[in-house]
Amino acid sequence: MPELPEVEMYRIYAESTVLHKKVIKTEVIDTKLLKVSIPTFKKHIEGQSFSAITRVGKYIFIKTTGAKYLVVHFGMTGNWQYFKDDEDIPKYTKVLFYFDNGFKLSYISKRKFGWLNLTDSIEQFQQDHNLGSDALSTSQSAFIKSLDGRKSPIKSFLLNQKTMSGIGNWMADEILYQSKLHPETPINHLSEEDKKTIYQKIQHVCEVAIQKEANYDDFPSYFLIHNRKKGGICYHTGDKLEKITVGGRGTFVSTKWQVKK
DNA sequence: AGACGATCCTGGTTGC
DNA sequence: TGCAACCAGGATCGTC
């Protein structure tokens with residue numbers, strides 16, 4: 001699932017393929033994934049070049065030489081691909097960008113959970129959509145302060161993009177596994193030490209995942225992700241992982257390793 | 001305001 | 001083997 005590290009890879013991919021290229025035409029194959037009308041979309045994208053590509057959480061913002069930014073979210077099965085020959089058009093292509101060098105960029109979405117949008121500025125978009133700062137650029141003090149007065153399970157908070165963005169389901173499980181904390185632990189039961197640990201593990205998981213280019217197989221062996229499946233075993237205790245639901249999401253937990261407070 | 005459950009969507013997996 | 005039922009998940013919306 002594209003979470004912060006995967007989306008960072010998509011950003012780098014776009015930077016090395018479509019940055020500074022001019023869009024001569026767009027083709028919207030599935031209008032449902034477009035948050036603006038097709039005429040508005042075409043008006044602001046066609047004829048413009050992509051001048052900068054940044055990422056906040058799981059969102060990518062492509063600055064155009066026009067007035068707007070193109071906002072891209074990949075949902076749970078999204079991707080994009082740069083290609084030239086028509087026969088190479090990827091399956092599940094939903095939107096196509098044609099460039100003046102003959103290449104195309106396909107926005108791919110298998111389960112249609114992603115979308116494209118336009119915005120005047122990144123800050124404006126963050127305000128309008130309650131999108132907090134990127135997990136990698138949130139300070140420890142801001143993170144700890146944002147936990148004040150909350151009682152929900154810590155995992156639910158990590159999944160919430162409002163104060164800190166980029167963490168999705170597998171990362172939340174990974175962070176809490178490495179923090180040795182049970183995902184259902186209420187925030188108000190966490191010690192100051194726990195909060196610091198969680199913050200550090202957020203940074204650690206993000207950094208390692210990006211360094212390994214989001215290839216799960218290359219992650220260190222103590223990472224939960226290798227065993228995050230039915231019948232998976234805890235790396236530390238050798239016990240079978242439990243599958244529970246937290247915040248409405250499937251959650252893997254090693255009950256002996258991860259303390260519930 | 002914060003918490004929480006339902007909803008969207010469809011390919012892949014599981015179960016009979 | 002074939003088909004139906006279920007599952008996955010991020011963000012959003014409505015409700016308490």
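Looking at the range A:181-261, the chymotrypsin sites (Phe, Trp or Tyr not before Pro) that sit in a DSSP loop and have at most 14 other Cβ atoms within 10 Å of their own Cβ are A:TYR222.
When the trypsin sites (Lys or Arg not before Pro) in the range A:92-122 are filtered for DSSP coil states and for at most 16 other beta-carbon atoms within 10 Å of their beta-carbon, the remaining sites are A:LYS110, A:ARG111, A:LYS112. Once you order the gyration tensor axes a ≥ b ≥ c over the Cα atoms, which shape class does the range A:133-253 get: rounded for a/c under 1.5, otherwise prolate or oblate by comparing a/b with b/c? Verdict is oblate for the range A:133-253. The longest part of chain A holding none of the exposed loop GluC sites (Glu not before Pro), meaning those outside H, G, I, E and B in DSSP with at most 16 other Cβ atoms within 10 Å, is A:47-212. Within the straight-line cut-off of under 20 Å between alpha carbons, the lysines reachable from A:LYS110 are A:LYS32, A:LYS35, A:LYS58, A:LYS91, A:LYS94, sequence neighbours fewer than 8 places apart in one chain being disregarded. Summing charges over all other residues whose Cβ lies under 9 Å from the Cβ of A:ASP30, with Lys and Arg as +1 and Asp and Glu as -1, gives +3.
Between A:THR251, A:PHE41, A:ALA14, the Cα set farthest toward the positive side of the dipole of chain A (charges on each charged residue's Cβ, about the Cα centre) is that of A:THR251.
Centre-to-centre, using Cα atoms only, the range A:102-131 and the range A:28-46 are separated by 11 Å. Its Kirkwood hydrodynamic radius, worked out from the mean inverse distance over all distinct Cα pairs, puts chain A at 19.6 Å. The charge dipole of chain A, taken about the Cα centre with unit charges on the Cβ atoms of Lys, Arg (+1) and Asp, Glu (-1), comes to about 740 debye, rounded to the nearest 20. A straight Cα-to-Cα reach below 15 Å connects A:LYS21 with the aspartates and glutamates A:GLU46, A:ASP100, residues fewer than 8 places away in its own chain not being considered. Using a cut-off of 14 Å between alpha-carbon atoms, which aspartates and glutamates can reach A:LYS151, once sequence neighbours fewer than 8 places away in the same chain are excluded? Cross-link targets: A:GLU184.
Computed across the range A:4-128, the Kirkwood radius stands at 14.3 Å (inverse of mean 1/r, all Cα pairs). Loop-located trypsin sites (Lys or Arg not before Pro) in the range A:228-260 (DSSP state not H, G, I, E or B) with no more than 13 neighbouring Cβ atoms inside 10 Å: A:LYS229, A:LYS230, A:LYS256, A:LYS260.
Readers should treat all values here as calculations from the given coordinates under stated rules, not as data from a laboratory. Fair warning: this is a prediction, and the values are worked out from it, not measured in the lab. Glycine gets a Cβ as well: all are built from the backbone with ideal geometry, and neighbour counts include every protein chain shown.
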